[in-house]
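Enquirer: Take a look at this one; I'll ask things after.
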Amino acid sequence: MSKSKSILKVIIPLLLGLLLVWYSLSQISISTLVKYFKNANYFWIVLGVSLGVLSHVSRAYRWLFMAEPLGYKPKLVNSFMAVYSAYLINLTIPRAGEVARASILSTYEGVPFDKGLGTIVAERVADTIMLLLIIGVALVLEFDFIYNFLIEKFNTSALLIGLLVLIIIGGIFFLFIKTSSSSIALKVKKFVNGLIEGTLSIFRMKKKWPFLFHTVFIWVMYLCMFFITTKALPELQGITLGTVLIGFILASFSIAATNGGIGSFPEAVVIAFTLFSISEDPSRAFGWIMWSAQTLIIIVFGGLSLLFLPIYNRKKSNL
């Protein structure tokens, strides 16, 4: 049964991604998409990708702060190659990259697998908090737009009733999780406790401020990468910060939906941008350009990392 579940976890995201690729390409002709790719200003695309690489360097460096309290001093080069190897593996098997990264660090830096995986999970906690903060900023900046959009789609009474229903459901769910001993409740409790424990562990770190700086820096670079790349298309000139934030948030969630966001990333961008009256064609083209640039870098850097990890460490061991 567990083997079947594991297979489904691999196949379902892949099939969903392929379905979304088909849907996306059915909404824009290949010739039109190719035209957007040809006419794009690649200076902005390269600059955007460079910011993305910089964020991954920062991610690799940030992990060193987590390894130090465990008594290890890994090399930045190995940490960097482990990060890109993980991203490449995630393109094939969702969430397998984190396990592979911990395994690489165990093999080449001697960090015990379980401890390495624990630090990577703690990193994810910090990243989750940053994403939630970005969502909060987007809600504040675009509150009027979101409110007016909901009012247009639903009447005030329906919104109030819906909000009340959500509060009631949330209250019932909270009581269920708090009092129940079912497997679902235990998993939720474990997740929440892990989130809290991971957050508190960050503030107990010896170098917590450098860690927090790099965490903020990583996500600022992600946002800048997204915004800078929009400049590659003339149709997206003058795009607002609110549009960028909403687009970035939906695109971030799309990466978890399918293998590396294949198919889902462009459509998430379309959903976000069309809310702000941006045409579908440039929105979809931007989504594909952004996703293709990111994926190409992951394939190149990830492939080179897997190739050079044993070579780099063999040379070091011979010194």
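Enquirer: Taking the condition of a type in the set (Ser, Thr, Tyr) and buried (at least 17 other Cβ atoms within 10 Å of the Cβ), does Ser79 pass?
Expert: Yes, satisfied.
Enquirer: Quick one: which of Val300, Val270 is crowded, with 20+ Cβ neighbours inside 10 Å, among the β-branched types (Val, Ile, Thr), part of a helix (DSSP H, G or I) and more than 17 Å from the chain's Cα centre (by Cα)?
Expert: Result of the check over Val300, Val270: Val270.
Enquirer: Follow-up question, since we're still on this one. Any residue in region 66-77 that's on the phi > 0 side of the Ramachandran plot: show its pairings with residues that are of a type outside the set (A, V, I, L, M, F, W, C) at Cβ separation under 8 Å, as long as the two are six or more apart or on different chains.
Expert: Going by the 8 Å Cβ cut-off, there are no qualifying pairs.
Enquirer: With the condition kept exactly as written, say whether any residue in region 241-252 is in a loop (DSSP other than H, G, I, E, B) and of a type outside the set (Lys, Arg).
Expert: No, there is no match, as no residue in region 241-252 is in a loop (DSSP other than H, G, I, E, B) and of a type outside the set (Lys, Arg).
Every number in this text was worked out from the coordinates using simple rules, so none of it is lab data. Just so it is clear, the model here is predicted, and its values are computed rather than measured. Please note: Cβ atoms are built from the backbone with ideal geometry, for glycine as well, and neighbour counts cover all protein chains shown.
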